[in-house]
Amino acid sequence: MRFVMIGAGAIGGVVGGQLAKAGFDVLFVDKLREHVDAINRDGLRLKGVHGPHTLRVPAVTGVGAVAFRPDDVVVLSVKSFHTDQACRELRGSTPLDLPVLCAQNGVRNEETAARYFREVDGVMVLIGAKRMVSGEVVHTAKGPLGIGTYPSGLSPAARQVADALAKTDLPVYTTERIAAHKWHKMLVNLNNATFGLTGLSGDEARADPEVRAWMADVYEEGVRVVRAAGIPYEGAPGAAAIEDRIRELRSPSAPAVVSVEEEAKHRPSLWQDLYHRTGEVEADSFNGEIVRLGGQHGVPTPYSSLLLGLIGELAARRAGPGSYTIGALRTRLPDSLGGDVDEVDRGRP
């Protein structure tokens with residue numbers, strides 16, 4: 001079995017690097033030429049919570065350079081706005097009916113991939129990872145990978161991939177309800193825009209009471225919308241559910257330990273989008289999802305609407321992270337929402 005990783009950025013690099021470290025055959029495909037050149041020249045530098053490793057893994061800039069094999073497993077780890085193009089290019093490069101796993105944030109990637117491939121599996125990614133420089137990825141926060149077949153069930157291929165990942169340092173579990181798990185992860189991602197707009201790392205945000213209250217408000221709005229839409233969501237086994245995250249953010253707590261070392265800081269995806277100044281951010285797959293659903297079901301979405309608009313403006317200007325304080329964000333909300341909103345009830349959908 002060979003893993004063809006479509007996307008060698010933060011998530012693809014860490015997952016593919018872990019598989020290579022465990023002895024599996026891995027091939028990276030990434031459109032960023034300097035990143036591919038650095039991997040081929042110096043190896044992939046995998047740093048972070050499981051120590052530094054340099055891994056000799058081949059990399060190419062396009063699927064047209066890949067000689068696909070019947071034993072290949074394709075792992076998509078590109079941004080959601082690149083999923084359709086990646087699937088079209090992949091489908092045009094091989095007649096083989098290969099299993100495709102979507103190791104991506106957002107809840108629409110699997111349905112996109114299913115238009116091109118017969119077997120699509122979802123991967124719920126709860127690890128923290130970042131790519132700041134070419135040839136290097138950093139695993140910043142431990143967390144599990146959840147694997148299941150789209151739209152439901154657990155195929156033999158999904159089981160086989162889970163078994164392979166179980167040989168890495170990454171915790172892995174399987175589920176027959178992968179869609180519910182990815183909806184829960186989407187809720188968790190709603191504050192990625194907050195990190196990008198404020199420039200804060202995850203620990204820096206959690207250490208600030210003002211930011212904690214804002215994050216809880218954003219999460220609560222998302223939960224209200226998803227519940228109104230009747231969409232089931234489910235957290236990873238043993239991990240904090242979104243309601244638990246809200247409760248923790250609302251509760252007084254001891255000051256968080258904030259690392260002064262950049263390597264250890266968790267930088268969520270939208271922070272990285274702004275940092276690299278690519279002109280695009282993935283916010284439409286998180287906050288945009290909530291805004292659209294809220295409109296359909298009559299639930300106001302001032303928080304996600306604001307986050308979506310502001311981070312889109314920064315991306316279009318190719319501005320870096322850190323243009324707003326939480327106070328400045330609150331002044332842009334409707335007057336009736338300048339303070340905290342009521343907490344969602346504790347029931348689950």
Could you tell me which of SER253, GLN272, PRO334 has its Cα farthest along the dipole of segment 239-338 towards the positive end, charges placed at Cβ (Lys, Arg +1; Asp, Glu -1), taken about the Cα centre? PRO334
Pop out the carbon and sulfur fraction of the accessible area of segment 161-267 as a percent, whole number, probe 1.4 Å. 53
Once you keep just the Cα pairs under 8 angstrom separated by 6 or more residues, what percentage relative contact order results for the chain? 15
Residues whose built amide H sits under 5 Å from the amide H of GLY135, excluding neighbours closer than 5 in sequence, are ILE39
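Using 0.36 nm times the number of residues separating GLU111 and ARG247, minus their current alpha carbon distance, what extension gain do you get?
Details: separation 136, 0.36 × 136 = 48.96 nm, distance 3.26 nm.
Full extension of this stretch gives 45.7 nm more.
For VAL49 and VAL257, calculate 0.36 nm times their separation in residues minus their Cα-Cα distance, and state this gained length in nm to one decimal.
Values: separation 208, 0.36 × 208 = 74.88 nm, distance 1.60 nm.
Result for the pair: 73.3 nm of gain on full extension.
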The summed charge of the GLY153 Cβ neighbourhood (under 14 Å; Lys/Arg +1, Asp/Glu -1) stands at -1
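Kirkwood-based Rg over Rh for segment 43-138 (C-alpha set), two decimals? Don't skip to the end; give the middle numbers.
Working: Rg = 14.5 Å, Rh = 14.8 Å.
When Rh is taken as the Kirkwood radius, the ratio is 0.98.
Around LEU306, under 12 Å between beta carbons, what's the net of Lys plus Arg minus Asp minus Glu among the other residues? Working shown, then result.
Values: positive: ARG330, ARG332; negative: ASP217, GLU221, GLU313.
Once all neighbours under 12 Å are counted, the net charge is -1.
Test of understanding: given the chain, find the longest segment containing no GluC sites (Glu not before Pro) that are in a DSSP loop and have at most 12 other Cβ atoms within 10 Å. Working shown, then result.
Values: sites that count: GLU176, GLU261.
The longest such stretch corresponds to 1-175.
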Which one, HIS139, VAL107, PHE195, projects farthest toward the positive side of the charge dipole computed for segment 68-196 from Cβ point charges (K/R +1, D/E -1)? PHE195
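Would you work out the relative contact order for segment 1-107, in percent, from Cα pairs under 8 angstrom that are 6 or more residues apart? If you can, show how the numbers build up before the last one.
On the way: 184 pairs, mean separation 31.8, N = 107.
Taking the mean separation of contacting Cα pairs over the length of segment 1-107, I get 30 percent.
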Cα centre as origin, Lys/Arg/Asp/Glu Cβ charges: the chain dipole, Debye: 520
Along the principal axes of its C-alpha atoms, what lengths does the chain span, in descending order and rounded to whole Å? 59, 41, 36
Tell me, what is the FRET efficiency for ASP203 and ALA319 to the nearest 0.05, using R0 = 25 angstrom and their Cβ-Cβ distance as r? 0.60
So if R0 is 25 Å, what FRET efficiency would ASP84 and ASP335 give, r being the distance between their Cβ atoms, rounded to the nearest 0.05? 0.05
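Filter the DSSP H helices in the chain by two things, a Kyte-Doolittle mean of at least 0.0 and an axial alpha-carbon span of 18 angstrom or more, and list the hits by number. Let's see the in-between values first.
Details: long enough: 209-228 (29 Å, -0.17); 302-316 (21 Å, 1.22).
Helix filter hits for the chain: 302-316.
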Cross-link reach list, lysines versus LYS130, counting only Cα pairs under 19 Å and skipping chain neighbours closer than eight places: LYS21, LYS31, LYS47, LYS79, LYS142, LYS185, LYS265
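The values are calculated or read from the model by the stated rules, or taken from the named source; none is laboratory data. Model, not experiment: these values are computed from the prediction. Positions of Cβ are backbone-derived with ideal geometry, glycine not excepted, and every protein chain shown enters the neighbour counts. SASA here: full protein model, heavy atoms, side chains in, ligands and nucleic acids out. Shrake-Rupley method; radii C 1.70, N 1.55, O 1.52, S 1.80 Å.
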